[in-house]
1. Quick one: of the DSSP bridges fully inside the protein assembly as shown, what percent are antiparallel, nearest 5?
2. Which order do the peptides C:151-157, A:28-34 take when ranked by the mean count of other beta-carbon atoms within 10 Å per residue, highest first?
3. One decimal, nm, shortest first: give the distances between the label point of B:GLU241 and those of the same position in the other copies, each label point 7 Å from Cα along Cα→Cβ.
4. What gaps in nm, shortest first, separate D:GLU144 from its twins in the other copies when you place the label 7 Å past Cα toward the beta carbon?
5. Over the alpha-carbon set of the protein assembly as shown, divide Rg by the Kirkwood Rh and report the Rg/Rh ratio to two decimals.
6. What percent do you get for the relative contact order of chain A when only Cα pairs under 8 Å and 6+ apart count?
7. Given a 1.4 Å probe, how much area per residue of chain C is accessible, in Å²?
8. Measuring from centroid to centroid over Cα atoms, what is the spacing of the range C:154-214 and the range C:113-146 in Å?
Number of protein chains: 4
Amino acid sequence: MRIPAFLPLPMTAATAILQMICPDQPGLVRELSGWVAANGGNIVHADHHSDPGAGLFLSRIEWQLEGFGLPREAIAPAAASLAERLGGEFRVTFSDCHPPVAIFVSKQDHCLLDLLWRVRTGELPMRVPLVIANHPDLAPIAEEFGARFVHVPIRADIREQAEARHLELLAEHGIELVILAKYMQVLTPAFLAAFDSPDAFHRVINIHHSFLPAFKGAQPYHRAWERGVKLIGATAHYVTEELDGGPIIAQSTVSVSHRDEVEDLIRKGRDTERLALARAVRLHLKRQVMVYRGRTAVFA
Amino acid sequence: MRIPAFLPLPMTAATAILQMICPDQPGLVRELSGWVAANGGNIVHADHHSDPGAGLFLSRIEWQLEGFGLPREAIAPAAASLAERLGGEFRVTFSDCHPPVAIFVSKQDHCLLDLLWRVRTGELPMRVPLVIANHPDLAPIAEEFGARFVHVPIRADIREQAEARHLELLAEHGIELVILAKYMQVLTPAFLAAFDSPDAFHRVINIHHSFLPAFKGAQPYHRAWERGVKLIGATAHYVTEELDGGPIIAQSTVSVSHRDEVEDLIRKGRDTERLALARAVRLHLKRQVMVYRGRTAVFA
Amino acid sequence: MRIPAFLPLPMTAATAILQMICPDQPGLVRELSGWVAANGGNIVHADHHSDPGAGLFLSRIEWQLEGFGLPREAIAPAAASLAERLGGEFRVTFSDCHPPVAIFVSKQDHCLLDLLWRVRTGELPMRVPLVIANHPDLAPIAEEFGARFVHVPIRADIREQAEARHLELLAEHGIELVILAKYMQVLTPAFLAAFDSPDAFHRVINIHHSFLPAFKGAQPYHRAWERGVKLIGATAHYVTEELDGGPIIAQSTVSVSHRDEVEDLIRKGRDTERLALARAVRLHLKRQVMVYRGRTAVFA
Amino acid sequence: MRIPAFLPLPMTAATAILQMICPDQPGLVRELSGWVAANGGNIVHADHHSDPGAGLFLSRIEWQLEGFGLPREAIAPAAASLAERLGGEFRVTFSDCHPPVAIFVSKQDHCLLDLLWRVRTGELPMRVPLVIANHPDLAPIAEEFGARFVHVPIRADIREQAEARHLELLAEHGIELVILAKYMQVLTPAFLAAFDSPDAFHRVINIHHSFLPAFKGAQPYHRAWERGVKLIGATAHYVTEELDGGPIIAQSTVSVSHRDEVEDLIRKGRDTERLALARAVRLHLKRQVMVYRGRTAVFA
């Protein structure tokens, strides 16, 4: 076989990404790739997954925009027709469109700082115009990275007003994704009903400081220490109405020993939390995650 | 500093190991190491742990028998005096005494075969004169490695007789440690009361096929698959009356993805089970594990 | 979207697997999936990779044989036409055809025993009719698992005759894959020229007991100990003429500390060797590995 | 055994730490612990290691200062007498004395930012009064965290003057430890002779972006990509005259696949570099590392 000469493509060439989930049937890979090819698209990545138990087919196709026959604004409508015919759901995004993201925080800074730093280095293709917090402590970090910081206090008796304010702010900034970066508050079903898409493409990511489903709920490090585990973990997941029960995107663990006190677990946990959250957010932004049956397919 | 010439010691030189747990107080390291030194012992390893919350001190000291002033049979009595004075518990063992161990199995062979192979290679300093099973399937493996295989069926209505038979067999072979290598049966409190030491030195190790405390109980792989986790695990722990609640010795995890079906989790799990169990058994046999407050100190 | 009722497919349904590597060009995913679909095939997995630097496209498509329009014997010829047109190389295999594999060993038993056990449990879809060894020690293991054991001594002065004997045995058993399971001998270029396919589909897998490219060559554990590393590793790779330089399939590592002597590294290494080798062999047998530019694409 | 009531000690209680390395002989654990006990010290941690090959004994003992019979300033002189008698080297430090540390950087910010953030959270018991850089880019980060930033350009023809300036700055700030946080420059033997302690207690830590000894020298990620490895790593080590050859303190790895380009390796590498470096610096500051025979004992 002839191997062509070494011709590195420009890495920054913009691509389109089609995600599709629909009932499984023969010919779907051909159908989707054929649609791209018929319009002159050069596929860079194509990933598919069939869930035989549910009879579902999930697909992610990424192709170069340069040379593609349809203009950008015509791609989503065309995909919509395709999805309708297949009885599925879809999403079209472009690799050079960095969506506006809001980060919710409380007092702990490690996840916020880590995310903002990764945005600055170009690891995370997103913009962060807005940081919402129930405590004022982290304003300086947000401001240093050019994000608007809004302090919205939360108490049981004012939760409704607070979430109304959240939704207002999210709308004002056209936010597409909310990241709970150690926010330590539960979002209400009403908030999720108003902001989230209840389908394959959820829009709220949380980091929980345990290896779910172990240690759901409050104070997981204290309970992990009490139980005497030899590994602790962190779980990044989409938020649903069930507390700590949403689809898992990424998990990571780190070893602990009897020499580690609770504060050591908390310290070690900060690293594993940052890694799991950053990984999940990147997978989400690269459109490598789809949700079905309460679980995720991760095309990585 | 003068570095002495390279003089590798014989690795097989026998050592004595003293494990002690007692209320914490100043001077304990000196007390224990002083006792060894006063009898001319050369310490090879010395590990200590203080639990300030419980006011406990745990120690493991290993020294060369060659040149030690006390004969073997006098060491445990001398340590007993020491322990009595300190208000603690102790155990004395010798590195060249390989204790007789019984392995309980059901139908799955991977942990049994792995343990027996590790005994043959010298990784696990133990003898396995006895394999007890509630199904006859694994008799050939036991016999190939020279262990007596006894089939003791278990049903709810004959559990009492079965466990009486177990205790009889354990006594007959002078068994010091029981390993549940995917035995898939719960031991009764009566059995534990008869065989286990309810203190720092437990005598029954189990491998559970999940990352405890996640997925306690039956069918952990099915439930892990259903939950859509991204890591599965295995936990080796001492058995206590609380199901899957005993002190954890070792845990390990392995990545899974949406492409993995339940049978893939089971397949991957076999590897992580073998590793966690083998690690725990070796730590136990090397006397590197002590239990306090429902947790283990592992001096590794 | 309507989710179909839960209808688990039989997991044992036979599939066909097409692997293709060819110069990249637009439309290849459609071309390949279209060919499957045109014959009524239902694709179970489809993985593709483009190497823009080399202008290469690699693909692996797996579809159900049931209902496929071509009989088995017609699939490879049809794929050959496709490959010729695309200027590429290809391989067609069937998931229910377990190829005959030969394992080469020396004196260490852990990799041999592990592989044979995994074959017996169904983890590795292969048959092992032949074990070749330059020492007689492992005959009992081979025989226990029903493999023919042939002792072919190796010395510098008889290497040529020995390899002639190897090739004779491989031909006699129709061997498709050779696994060097701690064989500790170098294969000559002449042997590789006679047995290996010098293309995307190599046929000899070796396990090297270091994290390549660290510690190429002899005695890696001794050198790792001497260097004072904190992690040791194992590397499973295809064998090429360059010693320890072939395409890497799988690597794994394990922590070590200053307490570990060389023999501890060897002991811990046995586990990581077994895991890396078993993983690589399974990936190879599942046809999830392809070689290009001295490296592997692993569709896992 | 009576378990004392739960009485958590204040975690912030200051401790003294004695590190000692000397020729091995019977009685050393007693000797050292006895000296602490004789002065009324309550030992919190005691770790020892014997290297039978070298005939060396390494020890780290940590005890509470409260109630200890000697005033702080008398402890080092007393330990010096002990060390002299035993023919060894020693170091005495106090847990509440945070040494002044200088960080050397070039243009990459991730390790610098990570270290400074960890200092602020209290994870790293050190102060950073000084950041030295051969490029001006990172001045804002240093200044945000209150460190003096000094830009000292480096070229082959002015290396001597630059290092003279370095030494001047280190002296001015009383620096005890230098961390090369992606400094990308080689320190000369003359610099090391002037600043480092050529013994068990080195004073310069570097992070190298490969799994040493693989990919010593320049551009390790490019070479790792070229080789097609499946894991990349990072190594934190003490700097000696031999390039990338100093004693290893910590190593970490992360998986890569054929989908990862060089820039992905660099991106993933930033995480593993940060973790390995932070771990090594913390171990150093906690006085858990000692060097002997070109390797480290890490009491963790």
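1. 70 percent
2. A:28-34, C:151-157
3. When each copy's label point is compared with this one, the spacings are 4.1, 6.8, 7.3 nm.
4. Copy-to-copy label distances at D:GLU144, shortest first: 0.4, 6.1, 6.1 nm.
5. 0.96
6. 14 percent
7. 37 Å²
8. Here the two parts' Cα centres lie 17 Å apart.
The values are calculated or read from the model by the stated rules, or taken from the named source; none is laboratory data. Keep in mind that what you see is a predicted model, and the values were worked out from it rather than measured. Because the Cβ atoms are built from the backbone with ideal geometry, glycine has one as well, and the counts that use them run over all protein chains shown. These accessible areas exclude ligands, DNA and RNA; they are computed on the full protein's heavy atoms, side chains included. Shrake-Rupley method; radii C 1.70, N 1.55, O 1.52, S 1.80 Å.
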